[in-house]
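The values are calculated or read from the model by the stated rules, or taken from the named source; none is laboratory data. The shown structure was predicted, so the numbers you read here are calculated from the model rather than taken from an experiment. Counting neighbours? That spans all protein chains shown, and the Cβs are built from the backbone with ideal geometry, glycine included.
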C-alpha cells in the first residue's frame, strides 16, 4: 500500500534518491564496492563531498560571495554550541520562538551572556514575535527560521547591523530568501536535504577569528574549512544522500520551482483547516503559519478515533502532533507530493461528511 | 570482478549486512517506508538503537556491570574532546603511540594538563612503548589500542589504579580482552562495526560527575545516557548498519570466533612478509604488530609498478600505505575473508617468482 509520509523528521525523501542511495550501498559508481566501505579520501567520495558543498552554495545563491559550505556531524544541536564557541565573545542576541531556539540559548549561555530579544513562550510559542530591538553591541543575532514543533515560520527577517545566524533546519531549500543577509546558516539534513547524520553549515568566512578563546578542533569552523569539511571522517552515506537530494532539487528547477509547489501544498491544507468546521489551526496569527509544518486540532476530541482510522486507511503516516502541542501536525517538506496533501484533505472532508 | 577490499577505513563490511542495509533504504521492516524517512522516535527505530546498544555491551561482556553504551556523532576525534571535557579536572596521563594519540593529547590540552607517559614519536611510531609510569594522581590514563596508520597494536595493557580510557576505533570487536579493565572505551564505527557517521562509546557510569566544570549538553555523557543515546536525532542509517554488523558477529560466534579468523589472516600475511625476500615489515618489534593493519614495504622500490599492477589484476583495493609511513598497508578487519589475504599472498609470491 502506498504511504503518504507526513513525518516531521527524519522525513520523506524523493523516491529516486532512495533508489540511487540503495544502489550505492551495494555498488557505488560501478566500482563493485559499496559507498560505505571505501576511503572517504578516495577520488570518488571527495567528488561527492565537493559536489554537495558546491550545490548547497549554488541553491542559496552564495557562490563566490565569501561563504563556505560544510557538512558536519552532530546535528543542529551541536551547532547551538559550535556557533557560540566561534562567535560569542561577550554577549549575543537570541529570538526565542520555540523549543529549538530555547535549546540554542541554553548552549550559548555556556560561552557568554545571552540577551533574549523577544519570546512567545508564555503563549506556548503560537506566534512569531515582531518589532523587537536587537542590541547593536551584541556579537550576533540568532533566530530559528521555522519551528517544526509549533508550526510557525519567520516570514520577514529583521534588518541587522550585526551578523545574523539562523537555524534553518526545517525549511532550508524550501523557499527563496536573500540568503546573503545571513552570516551563518545551519541545518540538520533530515528535513529537506537528506537523512539524519549530517548538518549543513554555510558560513561567511569574514565573521571568524574574532573571539579570543582557544577553540578545540572539532568545534572550530576554521579547522573544518581548511580541511574542506574532512577534518575527520565525515558521515559518508548521509552526505551522499544529501548530494543526491540537492541534485534532484536542481533538476526540478531549484528553490524557486519547489517553492511554488510548497505554496500550493500549504494553501490546499490551510484552506481546508480554515473551511472545515471540524478543525482549527494551532497558530494564533495566520501570517506566522509555517509552510512546512501545519499544526491543527480537532474541535471535537470525540472524533479522534474516527479521524485516526481514516488516516490509517488512507496510508497517511506521521501526522501525530508533538507532545508539547498535541493534536496533529502535517509536515509538508520538499519531497512530499501535492497528491499526498490532497489525500489528507479528502480524509478531512470525508470525516466532516460522516460526522 | 570480485574486489578484495583492504581499505583502512571506512572499510569492508559483511556482504549480508550491505544487502540488508540497501533493502532497508527502500523498505524498512516491511513498512513501505525507508529507514531514513521515518521518525527516530518511532517504535521500529527505537528498537534498532536499543538492540545496537545492548549487543555492543553483550559482545564486550559488560552487561549489568555499570556500563552504558551510546552511539554518538562526531567520530573518535570528537571523543578526544568529550572524554577530556567529562573526566579531566587537573591532569591526565596519555600514552602517545601515533597520530590519533597525538590528536587526542592536543584536544585534552584545551581542558587541563597532559602528562605524556611515553612516546615512540622519535621512531615514527614503529613500536609500542612499555614499562612507563602512570602517575597515580592523574584523573585518568588514555591509550590507543591499535594504530591504523603505523600498524602497531597494544598486546598487553597496563594495570592502572586510575580509570583507563581507550580509543579502540580500529580493533574493537576483533579480539578478546578483559574489557572491564577499561572505564571508557570509544570507537568510530567505520572499521569493525559499520559505516562512518556513528561512534560507539562504552562508559562506566561511576566515573562521571567528578569534574567541576559546566559541560555543554552535546559534550555531556550524562545527558546522552539519560536520553538513551537520543538527546538529539542520531545518525539513523549508520546506527542501523552497526546493529546489523553486531548481529552478524553474534551469529558467527562473537569476538572469540572472529579472533581465530583474525589470527589466521594475520599469521598468513606476516609469515609471507617475513619469508618473502622482496618485502619487509614496517614495525620494529614483531610483538607490537597489529593484527588489523599490516604495514610493509618493498625492499626494492623498482618493483613497485609490477607489484601495483599485480594487485590491480587481482582485484585488490586499498593497499596503499598512509602518507606518513609510505609503502603498503593491508587492513584485515573482521569482515575481510581469509580468502582475500590468500589472494594478496599469492600476488606477493607471483611477483617474487617473476622478479
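Give me the pairs: first residue in the range B:193-222 and within 12 Å of another protein chain (Cβ to nearest Cβ) and closer than 11 Å to residue B:72 by Cβ, second residue assigned to a loop (DSSP other than H, G, I, E, B) and modelled with pLDDT of 95 or more, beta-carbon distance under 6 Å, and six or more apart or on different chains, which are they? Note: pairs meeting the criteria are B:197/A:197; B:197/A:235; B:197/B:235; B:198/B:189; B:198/B:235. When residues in the range A:19-32 are screened for being within 7 Å of chain B (Cβ to nearest Cβ), within 14 Å of residue B:21 (Cβ to Cβ) and without any contact (Cβ under 8 Å) to a residue 12 or more places away in the chain, 2 of them pass. Restricting to the range A:318-333, count the residues that are in a loop (DSSP other than H, G, I, E, B) and within 18 Å of residue A:346 (Cα to Cα). Qualifying residue count for the region: 3. Surrounded by fewer than 24 Cβ atoms within 10 Å (Cβ to Cβ) and either within 22 Å of residue A:238 (Cα to Cα) or within 13 Å of chain B (Cβ to nearest Cβ) (or both) - does that describe any residue in the range A:92-99? Yes - at least one qualifying residue is present in the range A:92-99.
Of the residues A:136, A:121, A:106, the single one that is within 14 Å of chain B (Cβ to nearest Cβ) and surrounded by fewer than 22 Cβ atoms within 10 Å (Cβ to Cβ) is A:106. Looking at this structure, is residue A:147 within 22 Å of the chain's Cα centre (by Cα), away from chain B (no Cβ under 14 Å), in contact (Cβ under 8 Å) with a residue 24 or more places away in the chain and surrounded by 18 or more Cβ atoms within 10 Å (Cβ to Cβ)? Answer is yes for this residue. If you filter the range B:58-70 down to residues that are in contact with a strand residue (DSSP E or B) (Cβ under 7 Å, 6 or more places away or on another chain) and more than 24 Å from residue B:217 (Cβ to Cβ), you find that the one that is farthest from the other protein chains (Cβ to nearest Cβ) is B:62.
For residue B:52, the conditions (1) under 30 Å from residue B:328 (Cα atoms); (2) in a helix (DSSP H, G or I); (3) touching a strand residue (DSSP E or B) at 6+ places or on another chain (Cβ under 7 Å) are fulfilled apart from (1). Residues that are farther than 21 Å from residue B:258 by Cβ, buried (at least 18 other Cβ atoms within 10 Å of the Cβ) and touching a helix residue (DSSP H, G or I) at 6+ places or on another chain (Cβ under 9 Å) within the range B:323-355 comprise B:328, B:347, B:348, B:351, listed in sequence order. In the range B:4-18, of all residues being within 15 Å of residue A:23 (Cα to Cα) and more than 7 Å from chain A (Cβ to nearest Cβ), the one that is surrounded by the most Cβ atoms within 10 Å (Cβ to Cβ) corresponds to B:17.
Of all residues in the range B:262-298, those that are touching a helix residue (DSSP H, G or I) at 6+ places or on another chain (Cβ under 6 Å) and in a helix (DSSP H, G or I) total 5. Taking the range A:159-172 as the range and being touching a helix residue (DSSP H, G or I) at 6+ places or on another chain (Cβ under 9 Å), farther than 15 Å from residue A:86 by Cα and surrounded by fewer than 24 Cβ atoms within 10 Å (Cβ to Cβ) as the test, the residues that pass are A:159, A:160.
Would you be able to say whether some residue in the range A:102-111 is farther than 15 Å from residue B:219 by Cβ and assigned to a loop (DSSP other than H, G, I, E, B)? No, the range A:102-111 contains no residue that is farther than 15 Å from residue B:219 by Cβ and assigned to a loop (DSSP other than H, G, I, E, B).
I'd like to check something: does the range B:140-152 contain any residue that is in a helix (DSSP H, G or I) and in contact with a strand residue (DSSP E or B) (Cβ under 7 Å, 6 or more places away or on another chain)?
The initial filter retains those residues of the range B:140-152 that are in a helix (DSSP H, G or I), namely none.
No, there is no match, as no residue in the range B:140-152 is in a helix (DSSP H, G or I) and in contact with a strand residue (DSSP E or B) (Cβ under 7 Å, 6 or more places away or on another chain).
Could you list all residues from the range B:71-101 that are in a loop (DSSP other than H, G, I, E, B), touching a strand residue (DSSP E or B) at 6+ places or on another chain (Cβ under 6 Å) and more than 21 Å from residue A:230 (Cα to Cα)?
Initial filter on the range B:71-101 (in a loop (DSSP other than H, G, I, E, B)): B:73-74, B:88-90, B:97-98.
Add one more test, that the residue is touching a strand residue (DSSP E or B) at 6+ places or on another chain (Cβ under 6 Å), and what stays is B:97-98.
Hit for the range B:71-101 is B:97, nothing else.
The single condition among (1) touching a strand residue (DSSP E or B) at 6+ places or on another chain (Cβ under 6 Å); (2) assigned to a loop (DSSP other than H, G, I, E, B) that residue B:187 does not satisfy is (2). None of A:1, A:82 is crowded, with 22+ Cβ neighbours inside 10 Å, within 12 Å of chain B (Cβ to nearest Cβ) and in contact (Cβ under 8 Å) with a residue 40 or more places away in the chain except A:82.
Answer with yes or no whether residue A:156 is assigned to a loop (DSSP other than H, G, I, E, B) and closer than 22 Å to residue A:6 by Cβ.
Values: assigned to a loop (DSSP other than H, G, I, E, B): yes; closer than 22 Å to residue A:6 by Cβ: no.
Considered against the rule, which asks whether it is assigned to a loop (DSSP other than H, G, I, E, B) and closer than 22 Å to residue A:6 by Cβ, residue A:156 comes out as no.
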